[in-house]
Structure formats: structure tokens, C-alpha cells
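See structure below.
Coordinate-derived values only; no laboratory data. In this text, all values refer to a predicted model and were calculated from it rather than measured experimentally. We place every Cβ from the backbone using ideal geometry, glycine too, and count neighbours over all the protein chains shown.
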Amino acid sequence: MNLEELEKQVQLAEDIQEIEHLQRIYGYYFDNNMWAEIVDLFSEEQTESVEIADHGVFYGKKGIRRIYWDMFSGGDTPRQSPAWMQFVVMQIGGVVDVSPDGTRAEGRWQTWLCEAKPYGAYPRAEWLHGYYENKYVKENGRWFFSKLHWNNTFCSPVEDGWLNLPLMGWMPLPDADEPPSAFHTYPYHRNNVLYHYQHPITGK
Amino acid sequence: MNLEELERQVTLLEDIQEIENLQKMYGYYFDTAMYQEVIDLFSENTESVEITDHGVFRGKEGVNRMYAGMVGMKRPGWMFFEVMQSQGVIEVAPDGKTATGRWYTPSFECRPFGGTKKQTWQFGVYNNEYVKENGRWYFKKLHWNLTYWTSFERGFLKVPKLSDTPFPHADAPATAYHPYPSGYHVPFPFRHPVTG
């Protein structure tokens, strides 16, 4: 291996590390309602879309601002969630593939969530599971999100579980650009986010 | 550091990355019932695969026997396994040809019990071995130890294990099957990073 090849290998290792951190940092911000910080993790020019569960598809950086800032945060008059409301989204099992030219990447993750949020007048605690298939782009030497897609496997109250109550309720957002593209919760969840990678041995 | 030493360091980092991906991909394939893809992740020189109390399956032939019954098996939509491949510690041998890995696996499941559907929590520990052949990493040995397998409603204190699940066509019975609350400590494949 000559110096140039070696440099390329090191670059790849660094890219994967940075993308893994980006994804986990997104998770930590999300759990703490730091929506402005999340908006800044997305590419200004190259963001395709964000799609979370059945909220619908939001296109471009404009869509990012609409979902995270206007909807989740409450815009310029931020909502204060009560302290008992909680989102803990564990970002687990990342498989990140960087394109040969080193400017784009894709990543699959799974998530385990412990949540508490209001349903009507009642606080409820829930277990959730889901998969990410995300895209990333490198601009000016830094990695950003260019597409985020998270699908719910189930969202179930802790009293009942996924077998008895796979989905606690629908949550489409009224001003999405499009309805959700692949929202099928348990027991129809299989392949609701397709694999971006080829089999490492057989290449299929 | 000269170029040769640097190359060795970089190769080590790449090896760890590739092995971590291999393990996580195994998990994703397993969860989506892609068993042929799972089988293809194992070396032709596989030592064994042992999952909970199913028993020991030896060689690549054993890998086939273990998973092949499941290939193409239609799982109803409600029957599912979500096994989260977490917290891997990978140790690559100094010669760069073999490696060990330990992982935690919290899991959500749903499967049939008699005529009823049951939702369950499962937790376990992997102690796996990997081998590099022709520049690629494969599984050489897979061993998953069950910590608990409990009903969603009752929890592991009351019901540590829902039933026994030995496979009749295994080569040998399970070598280490001691679920909660045995206090069994699954041995670490790695050395203490400070004291060695």
C-alpha cells in the first residue's frame, strides 16, 4: 500500500466514524427537544426529504424547518413540554456505507424507544421500535444528513404490548408535502424500509 | 511510525469496522427471516453455531442444517424477532486472521405458544469468533447465550424462561445454557485492557 492508498483508507475510516457520530448526536438532540440544533444537521442545498413514521414526507431544507421547527418546536414561541414527557431513542446497530468517491453515504440503524406522552388527557408510557434508512452528504469536509426516513415497527403502551396494541394512534401532520411512503406497522412492518446495502459475501 | 506500521494500524481499524458490520447485518437478516443470506455469512470452515438451548451444530454443514429449515419458511406477519446487536467489543488476533466479539442483545419478540400468540422480551450475550479468508471476514463460530426469555406481561423475575427449545437434529446438546437467575457469567473473550 502506498501513501495515497493509505490516506484513502484512513479517510474512509474517519468518514464512517463521523457519520456514526452525526446519527447518534441527532438522537441525543431529539431526546432533548433541541430542534434548532437538529435543523442545522441537515444539508442546506442537498437535503432530499425527511419522513418520520406516518407524519408524511417533507421535502428540502424548507421541509426540515417545517417539521422540526414549526411543528415539533412550535416555531418562534417554543412549546414547553412537561417534564414527565419523555423521548429516549436509542440509536443502535448502524451499518454505514460510503460511496467510492467519498461524498455520499447511506446508513441503516435500528431504534429502541422508551416514551411518555399525552394521549388525549392521559399520560401514557410506550415501547417503540423502528428502523432508519438515511442518507448523508459531505460538504466542505463535513457530513450532513441529506435524507432521513424512520419507520415505526410498533408503538405500544407498556400495559398492552405490541401483540395487543401495535399502534397507539395515527399522527399524520396536516402540512406534509406528501402522505407517508411506506408506513406499515406490526404485523405488516417487514420491508417497510428496504436495505441499502448488498450482501457482503454474495453481493446480492 | 513508518508506512508499514501505519498500514497495519489502518488494517486493524478496517477489520474491526468490517466485523461490526458483519454482526449487525446478521442481525438485520435474521430479523427479516433472510436465512439464506445468514448462511452465506459463515465460512466454509465454520467451527460451530450454538443458539440458546437448541444445541451445537458443527461445520458449515451444521450451519446449513441449523438455518436451512427456516429458509423460505413463511412466517406470519405477527411472528417477529427484533434482536438489537448492541455494544460490540471486537478483538482481532495479532496476525489479523481471526477475531472474537462479544455483544449484548435486547430483543422484542412475538411467537406462537401452542395455539396462542405470545409477546416476549428476550436478552442474551453473544460470544462469537470470526475468520478472514481471501480478504473478507466471515463467522467462524457463533454462540448466543440466553439470559432470560420472558412474557411481556410478567417479566424476568417471575418467569425467567418460557420453555425449553432443544433441536432434535443438533450434533450435541447445548454446552452452556444457564438462564436467569443462575448467576452464570458468560466468559469474556477479551483480555482486560489495562491489566491484560
Please list, or write none, the lysines whose alpha carbon is within less than 30 Å of the alpha carbon of residue A:61, excluding same-chain residues fewer than 8 places away. A:117, A:135, A:138, A:147
Distance from the stretch A:70-144 to the stretch B:144-196 (C-alpha centre basis), Å: 32 Å
Just to be sure I understand the curve: with the Debye formula and one point per C-alpha of the stretch A:1-55, what is log10 I(q)/I(0) at q = 0.16, 0.18, 0.20, 0.27 Å⁻¹? -0.66, -0.76, -0.85, -1.12
Which of B:58, B:102, B:111 fluctuates most in a GNM of chain B (C-alpha springs under 10 Å)? That residue is B:111
Ranking A:63, A:164, A:105 by how far each Cα lies towards the positive end of the charge dipole of chain A (+1 on Lys and Arg Cβ, -1 on Asp and Glu Cβ), the top one is A:164
GNM of chain B, Cα pairs under 10 angstrom: of B:55, B:124, B:69, the biggest fluctuation goes to B:69
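Dipole size in debye (nearest 20) for chain B around its Cα centre, Lys and Arg Cβ +1, Asp and Glu Cβ -1?
920 debye
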Scattering profile of chain A from the Debye formula, Cα beads only, expressed as log10 I(q)/I(0) at q = 0.08, 0.10, 0.12, 0.14 Å⁻¹, is -0.30, -0.46, -0.65, -0.87
With N set to the number of residues, divide the alpha-carbon radius of gyration of the stretch B:3-151 by 2.2 N^0.38 Å and report two decimals. 1.12
In chain B, taking the dipole from +1 charges on Lys and Arg beta carbons and -1 charges on Asp and Glu beta carbons about the Cα centre, the listed residue (B:46, B:145, B:29) farthest towards the positive end is B:145
Relative contact order computed over chain A (Cα-Cα under 8 Å; 6+ residues apart), in percent: 21 percent
Averaging over every viewing direction, what projected area does the convex hull of the Cα atoms of the protein assembly as shown cover, in nm²? 22.5 nm²
Dipole magnitude of the stretch A:58-204, debye to nearest 20 (Cβ charges: Lys/Arg +1, Asp/Glu -1, about Cα centre): 340 debye
Exposure proxy ranking, count of Cβ atoms within 10 Å, fewest first, for B:113, B:139, B:167: B:113, B:167, B:139
Dipole moment magnitude, nearest 20 debye, the protein assembly as shown about Cα centre, only Lys, Arg, Asp, Glu C-beta charged: 1480 debye
If I build a Gaussian network model for chain A, linking alpha-carbon pairs within less than 10 angstrom, which residue out of A:148, A:113, A:163 has the largest mean-square fluctuation? A:163
Of all the Cα-Cα pairs you can form in the stretch A:77-185, what percent are over 18 Å apart? 62 percent
If you filter the stretch A:1-75 for GluC sites (Glu not before Pro), then keep DSSP loop positions with at most 10 other Cβ within 10 Å, what is left? A:45
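Going by how many other beta carbons lie within 10 Å of each one, how would you line up B:41, A:194, fewest first?
The most exposed by this proxy come first: A:194, B:41.
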